[in-house]
Amino acid sequence: MIKYFIILLLICLVIVVFALTKKMSKRTIYVLHLMTLIIFSILISSFFLMEKENEKEYTPPVYNGEKVIPGHFDEKN
């Protein structure tokens with residue numbers, strides 16, 4: 001997921017450099033900012049929606065004085 005944010009950051013950097021080097025009307029700049037805001041909001045919301053909770057709970061190994069009881073994963077379902 002981080003590689004998508006890096007690619008998005010590079011695209012936004014290219015757009016900003018393009019916007020700063022080229023004379024554009026204010027309306028075009030507003031549209032450019034609006035598109036950038038929409039892209040960022042879509043990517044951030046998709047990042048939080050795709051993030052799944054870990055459904056497995058890990059029980060670590062325990063030493064009871066005589067032997068080591070191995071750890072295991074318990075599923076909640």
Inset, instruction - Report, to the nearest 10°, how far helix 26-50 tilts away from the longest principal axis of the Cα atoms in the chain, using its own Cα long axis and a range of 0 to 90°. - result: 10 degrees
Inset, instruction - Quantify how much of the Cα-Cα distance distribution of region 8-48 extends past 17 Å, in percent. - result: 33 percent
Inset, instruction - Could you work out the local net charge near residue 29, counting Lys and Arg as +1, Asp and Glu as -1, over the other residues with Cβ closer than 13 Å to its Cβ? - result: +4
Legend entry - Cα centre as origin, Lys/Arg/Asp/Glu Cβ charges: the chain dipole, Debye: 920 debye
Inset, instruction - Could you grab the relative contact order for region 2-75? Cα pairs under 8 Å, six or more apart, rounded to a whole percent. - result: 17 percent
Inset, instruction - Please report the Cα spread of the chain along all three principal axes, rounded to whole Å, starting with the longest. - result: 77, 24, 13
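None of the figures in this text is laboratory data; all of them are computed from the coordinates on show. Only a predicted model underlies this, so the values are computations on that prediction, with no experimental measurement involved. Ideal geometry is used to build each Cβ from the backbone, glycine not excepted, and the neighbour counts take in all protein chains shown.
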